[in-house]
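Values quoted throughout were computed directly from the atomic coordinates according to the rules given, and no laboratory measurement underlies them. On a predicted model such as this, the values are computed, not experimentally measured, just so you know. No Cβ is skipped: glycine too gets one built from the backbone with ideal geometry, and neighbour counts run over all protein chains shown.
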């Protein structure tokens with residue numbers, strides 16, 4: 001087995017969980033997340049030398065994953081078919097105010113367009129800095145701050161969130 | 001709720017959802033195999049474990065069972081007893097033999113009366129018996145049983161499994177060796193047994209690599 005092949009397998013075994021989590025958050029459900037990650041790795045495998053030559057291979061792969069997601073989210077097919085499934089396990093606890101709030105946040109996140117959603121996930125899940133997010137999204141750090149600020153405002157003003165939690169007096 | 005608390009809730013929400021999305025060994029293996037197969041082989045892993053499949057699959061299985069029972073009841077048992085031994089497809093199909101090797105070009109684990117090749121070497125599909133289709137899980141289980149191996153799974157190409165009109169084709173991969181193989185199954189007297197349609201085609205076009213549409217491959221691409 002070639003060294004590059006070993007390196008690829010080792011990388012996937014080491015980082016697949018974290019990358020899959022990001023992909024699931026981006027796409028909104030497990031199956032689409034697996035498809036996105038598979039698509040990304042299949043795309044990168046023939047170019048694996050470039051990945052390993054990068055300063056941070058995981059950052060390179062994450063950037064590719066995000067870019068492929070943002071690109072695909074612009075397609076009409078994506079807009080027509082994207083569903084944002086609420087995880088089943090939340091159904092069992094939906095009497096809890098906290099869980100209801102998180103469910104609404106999750107659904108509000110699902111209504112964000114691809115790029116702002118990617119920015120929110122990079123910031124709040126991957127704990128990336130403005131500069132790191134800017135490198136992934138291909139924009140300036142100032143733009144990242146603006147994108148995230150608008151995305152968070154949009155989520156807070158989302159209809160479902162507004163109705164539920166304003167009426168409950170917690171807003 | 002102030003913006004800081006909202007940001008905290010967003011962070012907690014993302015982590016909670018993500019914690020439910022660990023990549024299992026099975027998923028990791030599929031990712032590696034599909035990357036090796038390359039983009040030309042399709043990028044969608046078929047037959048994923050979708051929760052939404054469960055109800056339709058159970059319903060289909062129930063319909064299939066009812067149909068088989070109804071067919072058995074409707075048929076005249078006396079007529080079966082009068083049928084001379086050896087006529088047509090009257091030989092009892094046997095279950096796939098455990099431990100038999102299966103590959104595109106090797107012998108099949110079970111051989112029953114199946115169509116033979118024409119003198120030109122091109123098999124001529126016979127009219128298959130109408131039968132309810134195998135579920136993908138049942139087809140895979142048959143192949144696994146015949147190979148005496150659980151490391152067998154569907155290939156990642158679109159069309160890794162197809163079933164229609166009494167014929168089924170399984171494109172599978174042995175994960176330890178990464179060998180790609182194709183076998184066909186045929187409904188004979190209500191039992192699914194391995195056919196030799198694919199084997200009769202030889203290895204041309206049906207080995208590792210480009211895979212034609214499975215049901216077309218029953219006719220060896222003709």
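Here are some notes:
- For the peptide A:101-107, the mean number of other protein chain Cβ atoms found within 10 angstrom of a residue's Cβ is 4.
- Globularity index of segment A:1-80 is 1.11 (Cα radius of gyration / 2.2 N^0.38 Å, N = number of residues).
- Per residue of peptide A:124-132, the mean number of Cβ atoms on other chains within 10 Å of the residue Cβ is 2.
- A full extension of the chain between residue B:149 and residue B:60 corresponds to an added length of 29.4 nm, given 0.36 nm per residue minus the alpha carbon distance.
- Stretchable slack from residue A:10 to residue A:74, in nm (0.36 nm times residue separation minus alpha-carbon distance): 19.8 nm
- Computed from the C-beta positions of residue B:7 and residue A:159 and an R0 of 22 Å, the FRET efficiency is 0.60 to the nearest 0.05.
- In this simple spin-label model, placing a label point 7 Å from the Cα along the Cα-to-Cβ direction at both residue A:47 and residue B:25 gives a separation of 3.3 nm.
- Test item: B:168-181 mean partner chain Cβ contacts at 10 Å: 0
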